[in-house]
Amino acid sequence: MKIGNTVESLASYFKEFPKSKVIFLVGAGISTSCGIPDFRSPETGLYHNLSKLKLPFAEAVFDIDFYEENPEPFYTLAKELYPGNFKPSKFHYMMKLFQDKKRLERIYTQNIDTLERLAGIRSELIVEAHGSFADNHCISCGEEYPQEVFKSRLEECSKIDGKFDYAACVKCQSFIKPKIVFFGEDLPKRFFDTWAQDLETMQQSSKNGSEVVVIVAGTSLAVYPFASLPTEVPNTVVRGLMNKNTVGDFSKHPRKSDFLLTGDLDELATELMEHLGWSKEFNDLIVTE
Ligand code: CNA
């Protein structure tokens, strides 16, 4: 099965296979139009703009050992990214419409902005591979804390006697942190369990005619193990990339059956909705949500 490198041919595929469903593998690029910078875009990406945080290296802001030494840079960044300040993008609403049309199998997101939930996508269809701000715990003893504890300290972001006043565990005085996966931490168990289950679905899909298409979007595919997911997609399943540039396995080990849709994600989403004849519902979602 070959889809072709145009939005029109992708739409034709979905029309030809009305039982087909999509697994989306997404990253920060689906949220840049919401005003949340991604990591690696030149000039606008967070890594480019981290100099004000005075980090020894850019990734230190998400490094668990560095957090124990100096949590302040993460607080500065979390203030910028914290959910509540942003609305979903057109791309998010496109995925929501796939759900409403019963054509959404799953979304694996690397994002921590929870905009998939805000767009109205059901939690069982979302896998937040790198966690979110919703759950919080002590990084030493594991004591769980309500979101409010970290959030209220974040809002204050103060220093006492020149020392940064971080959210401290009442049991062991160590650091409370949202369960966002830092470098050096494990991904949630649900990520591995659900992917194993979805791999099984993909293997079965071409046999029973309920085709699954994997769409990778808005990610540089630089962070593992997430970046290995497209490689693990069975050869019998079509995968495609929607992104500004060609990345990861799509450039290193392209498959004949891959499709590439290069461009701005909101524009590609709008175009896909037009070709599918879903524009009215799409626009209604954007206006009313
Ligand atoms: P990244 O490495 O910054 O890559 C983003 C990709 O999206 C790049 O290839 C860009 O070219 C592309 N892109 C950006 N904007 C658009 C657009 N409008 N249209 C098309 N393509 C676009 O980000 P990744 O997600 O790959 O990196 C993984 C990190 C980023 C995860 O651990 C996240 O937690 C982390 N992150 C999340 C957010 C968020 O929650 N919104 C923001 C910034 C970083």
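Out of Ala217, Ala227, I need the residue that is within 16 Å of the chain's Cα centre (by Cα), small (Gly, Ala, Ser) and within 25 Å of Lys15 (Cα to Cα). Which one? Spell out the reasoning first.
Working: Ala227 fails: within 25 Å of Lys15 (Cα to Cα).
Within the list Ala217, Ala227, the selection yields Ala217.
Scan the stretch 212-236 for residues that are away from the ligand (no atom under 11 Å from the Cβ) and either surrounded by 20 or more Cβ atoms within 10 Å (Cβ to Cβ) or in a strand (DSSP E or B) (or both) and jot them down.
Here is the first cut: in the stretch 212-236, the ones away from the ligand (no atom under 11 Å from the Cβ) are 212-215, 225, 228-236.
Hits for the stretch 212-236 are Val212, Val213, Val214, Ile215, Leu229, Pro230, Val233.
Would a scan of the stretch 193-204 turn up a residue that is part of a loop (DSSP other than H, G, I, E, B) and out of contact with any helix residue (DSSP H, G or I) (no Cβ under 7 Å at 6 or more places or on another chain)?
Quick first cut of the stretch 193-204, residues part of a loop (DSSP other than H, G, I, E, B) only: none.
There is no residue in the stretch 193-204 that is part of a loop (DSSP other than H, G, I, E, B) and out of contact with any helix residue (DSSP H, G or I) (no Cβ under 7 Å at 6 or more places or on another chain).
State yes or no: is Lys79 within 23 Å of Gln173 (Cα to Cα), modelled with pLDDT under 90 and either in contact with a Pro (Cβ under 8 Å, 6 or more places away or on another chain) or not hydroxyl-bearing (Ser, Thr, Tyr) (or both)? Before you say what the answer is, go through the steps one by one.
Working: within 23 Å of Gln173 (Cα to Cα): yes; modelled with pLDDT under 90: yes; either in contact with a Pro (Cβ under 8 Å, 6 or more places away or on another chain) or not hydroxyl-bearing (Ser, Thr, Tyr) (or both): yes.
Considered against the rule, which asks whether it is within 23 Å of Gln173 (Cα to Cα), modelled with pLDDT under 90 and either in contact with a Pro (Cβ under 8 Å, 6 or more places away or on another chain) or not hydroxyl-bearing (Ser, Thr, Tyr) (or both), Lys79 comes out as yes.
Against the conditions (1) within 16 Å of Phe98 (Cβ to Cβ); (2) touching a residue at least 12 places away in the same chain (Cβ under 8 Å), where does Pro230 fall short? Just the number, please.
Every listed condition holds for Pro230 apart from (1).
Identify all residues within the stretch 1-47 that are free of Cβ contacts under 8 Å to residues at least 40 places away in the same chain, more than 22 Å from Met95 (Cα to Cα) and exposed (fewer than 15 other Cβ atoms within 10 Å of the Cβ); write none if there are none.
Once the filter is applied, which keeps residues that are free of Cβ contacts under 8 Å to residues at least 40 places away in the same chain, more than 22 Å from Met95 (Cα to Cα) and exposed (fewer than 15 other Cβ atoms within 10 Å of the Cβ), the stretch 1-47 yields Pro42, Glu43, Thr44.
Would the stretch 121-134 turn up any residue that is more than 16 Å from the ligand (Cβ to nearest atom) and surrounded by 14 or more Cβ atoms within 10 Å (Cβ to Cβ)? Can you show your working first?
The first filter runs over the stretch 121-134 and keeps only residues more than 16 Å from the ligand (Cβ to nearest atom), leaving 122-125.
Keeping just the survivors that are surrounded by 14 or more Cβ atoms within 10 Å (Cβ to Cβ) gives 125.
Within the stretch 121-134, one or more residues are more than 16 Å from the ligand (Cβ to nearest atom) and surrounded by 14 or more Cβ atoms within 10 Å (Cβ to Cβ).
Got a number for residues in the stretch 250-265 being over 20 Å from Glu116 (Cα atoms), within 13 Å of the ligand (Cβ to nearest atom) and not hydroxyl-bearing (Ser, Thr, Tyr)? Spell out how you get there, then give the answer.
If we filter the stretch 250-265 for residues that are over 20 Å from Glu116 (Cα atoms), which is where we start, we get 250-263.
Keeping just the survivors that are within 13 Å of the ligand (Cβ to nearest atom) gives 250-251, 260-263.
So of that shortlist, the ones also not hydroxyl-bearing (Ser, Thr, Tyr) come out as 250, 260-261, 263.
Qualifying residue count for the region: 4.
Looking only at the stretch 45-68, decide whether some residue is within 14 Å of the ligand (Cβ to nearest atom), charged (D, E, K, R), in contact with a strand residue (DSSP E or B) (Cβ under 9 Å, 6 or more places away or on another chain) and in a strand (DSSP E or B).
So far as the stretch 45-68 goes, yes, one or more of its residues are within 14 Å of the ligand (Cβ to nearest atom), charged (D, E, K, R), in contact with a strand residue (DSSP E or B) (Cβ under 9 Å, 6 or more places away or on another chain) and in a strand (DSSP E or B).
With buried (at least 16 other Cβ atoms within 10 Å of the Cβ) and free of Cβ contacts under 8 Å to residues at least 40 places away in the same chain as the only criterion, which of Asp258, Asp193, Asp198, Asp186 stands out? Give the steps one after another, and end with the answer.
Values: Asp193 fails: buried (at least 16 other Cβ atoms within 10 Å of the Cβ); Asp198 fails: free of Cβ contacts under 8 Å to residues at least 40 places away in the same chain; Asp186 fails: buried (at least 16 other Cβ atoms within 10 Å of the Cβ).
Sole residue among the options that is buried (at least 16 other Cβ atoms within 10 Å of the Cβ) and free of Cβ contacts under 8 Å to residues at least 40 places away in the same chain: Asp258.
Determine, yes or no, whether Ser12 is modelled with pLDDT under 85, away from the ligand (no atom under 16 Å from the Cβ) and either over 23 Å from Lys179 (Cβ atoms) or assigned to a loop (DSSP other than H, G, I, E, B) (or both).
On the way: modelled with pLDDT under 85: no; away from the ligand (no atom under 16 Å from the Cβ): yes; either over 23 Å from Lys179 (Cβ atoms) or assigned to a loop (DSSP other than H, G, I, E, B) (or both): yes.
For Ser12, the condition - modelled with pLDDT under 85, away from the ligand (no atom under 16 Å from the Cβ) and either over 23 Å from Lys179 (Cβ atoms) or assigned to a loop (DSSP other than H, G, I, E, B) (or both) - is not met.
Against the condition of a type in the set (Val, Ile, Thr) and more than 30 Å from Glu200 (Cα to Cα), how does Ile64 come out, does it pass? First the steps, then the outcome.
Values: of a type in the set (Val, Ile, Thr): yes; more than 30 Å from Glu200 (Cα to Cα): yes.
Answer is yes for this residue.
The values are calculated or read from the model by the stated rules, or taken from the named source; none is laboratory data. Since this is a predicted model, take the numbers as computed values, not measurements. Positions of Cβ are generated from backbone atoms using ideal geometry, with glycine treated the same way; all protein chains shown enter the neighbour counts.
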